[in-house]
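Comments concern the structure below.
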Amino acid sequence: MTGQLPYQDPSLPLEERVEDLLARMTLEEKAGQMFHTMVMIPPDGEFDVDMGAFGLATIREMTDKHMTHFNLVGSAGARETAAWTNKLQALTASKRLGIPATLATDPRHSFSDNPGVHMATAAFSQWPEAPGLAAIGDDKLVEEFADIARQEYLAVGLRSALHPVADLATEPRWARVNGTFGEDNQLAAKLVAAYIRGFQGA
């Protein structure tokens, strides 16, 4: 591709591309890459660069500060979510170096809604939460769930899952207990490994 900078050339080795990009970045651009903050998608999926989540900076303010790593909160339909993430990618592509956004999410396949921990949304298939999967105890089922969730995330532009919770449920007051596979360390280890295999597409 003519006019392509080395870091934009997928045929070059990854290390070479990274070194080229880092050499072109300002200190401010590098600092912006260290942040992972929240952006919100409204139920109608409207992309508004001047809307902030939970009183935080707006999308415009964050991208103007070179931030490109976000935890997507809120929910919309699958089509609306894909359109929204495409608009965010177009916005980050328009910046000086065109570094794409990385969108992460808390679990979205739940039946219950616990803001900041996991959410129920009609855009994705619904599955038992982690304690329910642990009660079933089938690592093949957990791997199948994770593979399906991975494909659903990729289809709408989500590239990073902020789960599973690879910890044991030993403190009942902890808000993320229902993100764990319970208190049995052997079972939790087996199911976390299956979950990760599924999300990696192994």
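The values are calculated or read from the model by the stated rules, or taken from the named source; none is laboratory data. Note that the structure is a prediction, hence the values are computed from the model and not measured. Cβ coordinates were reconstructed from backbone atoms using ideal geometry, including for glycine residues, and neighbour counts include every protein chain displayed.
Some notes on this structure:
- Enumerated strands (runs of 3 or more DSSP E) restricted to the range 42-118, each holding at least 2 residues that are among the aliphatic types (A, V, I, L, M): 69-73, 102-105
- Condition check for residue 165 on (1) of a type outside the set (Lys, Arg); (2) under 30 Å from residue 4 (Cα atoms); (3) within 15 Å of the chain's Cα centre (by Cα); (4) surrounded by 15 or more Cβ atoms within 10 Å (Cβ to Cβ): one failure, at (2).
- Pairs are defined by a Cβ separation below 8 Å, a sequence spacing of at least 6 or placement on different chains, a first member in the range 10-38 that is farther than 23 Å from residue 53 by Cβ, and a second member that is among the aliphatic types (A, V, I, L, M) and assigned to a helix (DSSP H, G or I); the pairs so defined are 30/22.
- Between 101, 76, the distinction of being at pLDDT 95 or above, crowded, with 18+ Cβ neighbours inside 10 Å and either of a type in the set (Gly, Ala, Ser) or under 26 Å from residue 177 (Cβ atoms) (or both) belongs to 101 only.
- Within the range 171-202, the set of residues being among the polar types (S, T, N, Q) and at pLDDT 95 or above comprises 180, 185, 186, 200.
- Counted residues, the range 104-160 - those being surrounded by fewer than 16 Cβ atoms within 10 Å (Cβ to Cβ), among the polar types (S, T, N, Q) and in contact with a Phe, Trp or Tyr (Cβ under 8 Å, 6 or more places away or on another chain): 1
- Residue in the range 6-26 that is of a type in the set (Gly, Ala, Ser), assigned by TED's automatic domain parsing to the domain that holds residue 94 and surrounded by 15 or more Cβ atoms within 10 Å (Cβ to Cβ) present: no
- Condition met for residue 29 (assigned to a helix (DSSP H, G or I), closer than 22 Å to residue 65 by Cα and touching a His at 6+ places or on another chain (Cβ under 7 Å)): yes
- Index of the failed condition, residue 30 passing every other in (1) surrounded by fewer than 14 Cβ atoms within 10 Å (Cβ to Cβ); (2) under 30 Å from residue 122 (Cβ atoms): (2)
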